[in-house]
Amino acid sequence: MSMFSIFKVSGSAVSAQAQRLNVVASNLANADTVAGPDGQAYKARQVVFQTLMMGAPGQPESAAGVAVSQIAEDQTPGRRVHDPKHPQADADGYVTYSNVNAVEEMVNMISASRSYQNNIEVMNTAKSLLQKTLQMGQS
Amino acid sequence: MLNRLTDTLDFQGQALALRSERQRLLASNIANADTPGYVARDMNFAQALRQATAAAPAARTLATSQPGHISGGAAGAAGSALEFATASQTNLDRNTVDMDRERASIADNSVRYEATLRFINAQVRTLTSAITGQ
């Protein structure tokens with residue numbers, strides 16, 4: 001039944017988008033972090049999506065799910081603010097904050113949430129079609 | 001004699017299988033809406049149905065050595081009717097999924113799927129009322 005694999009395809013997309021949302025949440029939570037446990041300022045993280053072919057060999061290859069291939073760290077230098085009174089200030093009186101861009105993260109969050117909703121909608125459509133298929137010939 | 005009763009159902013059955021395959025194709029496109037480099041695909045339904053209802057010749061398949069490889073021919077009932085969709089608005093990450101188009105196609109395809117189901121149901125009802133006897 002090819003309709004059942006829609007749940008696998010859309011389910012993989014939903015979990016990938018949830019992971020993206022998770023990363024956005026930790027980026028936003030750390031937007032004003034000065035130094036992490038390792039003494040370095042927090043670096044923004046981004047998920048990288050990759051297509052995951054779901055058909056077994058010889059099967060129709062029209063099922064393409066999504067997987068998170070890696071979580072990449074943004075290597076741009078963090079925001080530096082002159083604040084000599086801050087306990088984490090360096091010798092020149094500068095404090096290095098994390099390199100999270102809050103506006104970018106909000107856009108990322110809205111995009112992830114829309115994609116999540118779209119995939120749920122696809123699953124609902126597939127479910128109602130399957131239910132009608134199960135009643136085939138009964139009416 | 002008996003297979004004449006169900007011959008008419010076969011055509012609708014093929015159409016139903018192709019509709020569900022197209023639905024899965026569109027679901028894959030929506031799932032990959034944010035994947036860089038993904039190229040959206042769609043099915044030429046008329047061609048796929050013509051292929052599926054005609055006597056299918058033995059298809060050649062490509063060798064696959066890795067799980068992600070595409071097997072080439074014999075790709076389900078749709079076969080070579082799969083086409084790449086072009087992007088209506090180009091994207092920096094070379095993703096060609098147009099979410100509006102995909103949502104419209106999903107709505108269209110599910111209505112047509114239901115229509116095919118109703119055709120089948122009506123034919124079954126006709127057959128059962130014919131063989132029940134009053």
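The values are calculated or read from the model by the stated rules, or taken from the named source; none is laboratory data. Here the structure is a predicted model, which means the values were calculated and not measured. All Cβ positions, even for glycine, are placed from backbone atoms using ideal geometry, and neighbour counts span all protein chains on display. Keep in mind that these areas ignore ligands, DNA and RNA; they rest on the heavy atoms of the full protein, side chains included. Shrake-Rupley method; radii C 1.70, N 1.55, O 1.52, S 1.80 Å.
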Under the definition of partner shielding as Cβ atoms of other protein chains within 10 Å of a residue Cβ, what is the mean value for peptide B:33-42? 5
Can you list the aspartates and glutamates whose alpha carbon sits under 15 Å from that of A:LYS132, skipping same-chain ones fewer than 8 residues off? B:GLU114
Degrees, to the nearest 10: A:102-134 long Cα axis against longest axis of chain A: 10 degrees
Expected max-MSF residue from A:ASP83, A:ASP92, A:ASP74 in the GNM of chain A (alpha carbon, under 10 Å) is A:ASP92
Point-charge dipole on Cβ atoms (K/R +1, D/E -1) for chain A, about Cα centre, debye to 20: 580 debye
Tell me which of B:GLY133, B:THR90, A:VAL34 sits at the most positive position along the dipole axis of the protein assembly as shown, charges placed on C-beta atoms (Lys, Arg +1; Asp, Glu -1). B:GLY133
Which one, A:GLN17, A:GLN46, A:GLN117, has the greatest fluctuation when you compute a Gaussian network model over chain A with C-alpha springs under 10 angstrom? A:GLN117
When ranked by the protection proxy of mean other Cβ atoms within 10 Å per residue, highest first, what sequence do the peptides B:8-14, B:108-114 form? B:108-114, B:8-14
When N counts the residues of the protein assembly as shown, how does its alpha-carbon radius of gyration compare numerically with 2.2 N^0.38 Å, as a ratio? 1.36
Mark the label point 7 Å from the Cα of B:ASN91 along Cα→Cβ and return the residues of the stretch A:121-137 whose backbone N is within less than 18 Å of it. A:121-122
For peptide A:121-129, what's the mean number of Cβ atoms from other chains within 10 Å of each residue's Cβ? 5
Any idea what the relative contact order of chain A is, in percent, if you count C-alpha pairs under 8 Å spaced at least 6 apart? 31 percent
Rounded to whole angstrom, the alpha-carbon centroid of the stretch A:107-134 lies from that of the stretch B:1-36 at a distance of 19 Å
Folded to 0 to 90 degrees: helix A:5-29 orientation relative to chain A principal axis, Cα: 10 degrees
Could you check the simple spin-label distance between B:ARG112 and A:ALA67, using points 7 Å along Cα→Cβ, in nm with one decimal? 3.2 nm
Averaged over its residues, how many other protein chain Cβ atoms are within 10 Å of peptide A:47-53's Cβ atoms? 6
The answer for the net charge of residues other than B:LEU16 whose Cβ lies under 12 angstrom from its Cβ, with Lys and Arg +1 and Asp and Glu -1, is +2
Given labels modelled 7 Å from the Cα in the Cβ direction, how far is it in nm from A:LYS132 to B:GLN47? 2.8 nm
Top positive-direction residue, dipole computed over chain A with Cβ charges, set A:ILE120, A:GLN75, A:ALA89: A:ILE120
With a sphere of radius 12 Å drawn around the Cβ of A:LEU28, what net charge do the other residues whose Cβ falls strictly inside it have (Lys, Arg +1; Asp, Glu -1)? -2
Once accessible area is computed for B alone, A alone and the pair with a 1.4 Å probe, the total buried surface, to the nearest 100 Å², works out to 3100 Å²
How charged is the neighbourhood of A:SER12? Take every other residue with its Cβ under 15 Å from the Cβ of A:SER12, and add Lys/Arg as +1 and Asp/Glu as -1. +2
Run the simple label-point estimate for A:ARG80 and A:ARG45 please: 7 Å along Cα→C-beta, distance reported in nm. 2.7 nm
